[in-house]
Amino acid sequence: MTRTILAAVLLAVLMSGCDSNPLYLRLSSNYMPVDGIGSVWEYSVEGGGARIVTVVDQVIIGQRPCYRLQSGARYDYWINEKGRLEHYEDRRVLFNGFEVPVYQAWVTYLEWPLAHGMARRDSASAQVVSQGVTLSHTWIRSTVVTGPETSPNGEWDNCYRVHQQETVINWVQTAGYTPDTVYSVRDIWLAPDVGMVAKITPDSTLTLTNYTPGQ
């Protein structure tokens, strides 16, 4: 009985003044609305330029229905359901002028609801043989969530910051080649019912200038 009463009180607190309750807003918001066909995010690029991301359509990738997002000539594939955001990882190794596919799979990118201190580590290793040569690919991604906080430009409240460190190791296993290791780091700010409003890496900064939700 006590637990039932406590649950009812908590629900009442969350529901009271929903429009002004930050906790309710964060729990009920979509921090990555990739399922609205026609949604458009327009970003300014520090130093000049712009980037536009559009939810193009819904397709089948890896035997699963997903949403296809386009940015320039690049396509990304996302699924946002059952308490997690998944991204289709299509990893390739450049060898003799050709991109050789080495790893393709759906990988959990984030879990909902977001909360301060959430952390995850994802990794994969794969090998393929191309032109008689073994190509090896390894990637490791560490993710830590902090917040809520305001976006770097001060325009968006109740954001969660997603800090990611990623290591990619490609190795053409034959004489004369050594493992090629690339490290990257990025901070991404996600706003409720908008998605990514800022992204900062050591060599670039993206800031959302306009968002048009789709259907």
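The values are calculated or read from the model by the stated rules, or taken from the named source; none is laboratory data. What you are looking at is a predicted structure, and each value in this text was computed from that prediction instead of being measured. Every residue, glycine among them, receives a Cβ derived from its backbone with ideal geometry; neighbour counts consider all protein chains shown.
So Glu155 clears everything in (1) surrounded by 14 or more Cβ atoms within 10 Å (Cβ to Cβ); (2) out of contact with any Leu (no Cβ under 9 Å at 6 or more places or on another chain); (3) acidic (Asp, Glu) except one condition, right? Which one?
It fails just one condition, (2).
Kindly provide the set of residues from region 41-80 that are surrounded by fewer than 12 Cβ atoms within 10 Å (Cβ to Cβ) and under 16 Å from the mean Cα position of the chain (by Cα), ordered by number.
Scanning region 41-80 gives a single hit, Arg74.
So which of Arg186, Arg141 is assigned to a strand (DSSP E or B), touching an Asp or Glu at 6+ places or on another chain (Cβ under 7 Å), surrounded by 14 or more Cβ atoms within 10 Å (Cβ to Cβ) and in the same structural domain as Ser71 (by TED's automatic domain parsing)?
On the way: Arg186 fails: touching an Asp or Glu at 6+ places or on another chain (Cβ under 7 Å).
Going through Arg186, Arg141 in turn, just one is assigned to a strand (DSSP E or B), touching an Asp or Glu at 6+ places or on another chain (Cβ under 7 Å), surrounded by 14 or more Cβ atoms within 10 Å (Cβ to Cβ) and in the same structural domain as Ser71 (by TED's automatic domain parsing): Arg141.
Is it the case, given these coordinates, that Thr181 is among the hydroxyl-bearing types (Ser, Thr, Tyr), modelled with pLDDT under 95, assigned by TED's automatic domain parsing to the domain that holds Ile60 and not in a strand (DSSP E or B)?
Numbers: among the hydroxyl-bearing types (Ser, Thr, Tyr): yes; modelled with pLDDT under 95: yes; assigned by TED's automatic domain parsing to the domain that holds Ile60: yes; not in a strand (DSSP E or B): no.
Against the criterion (among the hydroxyl-bearing types (Ser, Thr, Tyr), modelled with pLDDT under 95, assigned by TED's automatic domain parsing to the domain that holds Ile60 and not in a strand (DSSP E or B)), Thr181 does not qualify.
Mind listing whichever residues of region 98-149 are of a type outside the set (A, V, I, L, M, F, W, C), over 24 Å from Cys66 (Cβ atoms) and touching a Gly at 6+ places or on another chain (Cβ under 8 Å)?
Listed by number, the residues that qualify are His116, Thr146.
Would you say Glu86 is at pLDDT 95 or above and either part of a strand (DSSP E or B) or under 20 Å from Val168 (Cβ atoms) (or both)?
On the way: at pLDDT 95 or above: yes; either part of a strand (DSSP E or B) or under 20 Å from Val168 (Cβ atoms) (or both): yes.
Against the criterion (at pLDDT 95 or above and either part of a strand (DSSP E or B) or under 20 Å from Val168 (Cβ atoms) (or both)), Glu86 qualifies.
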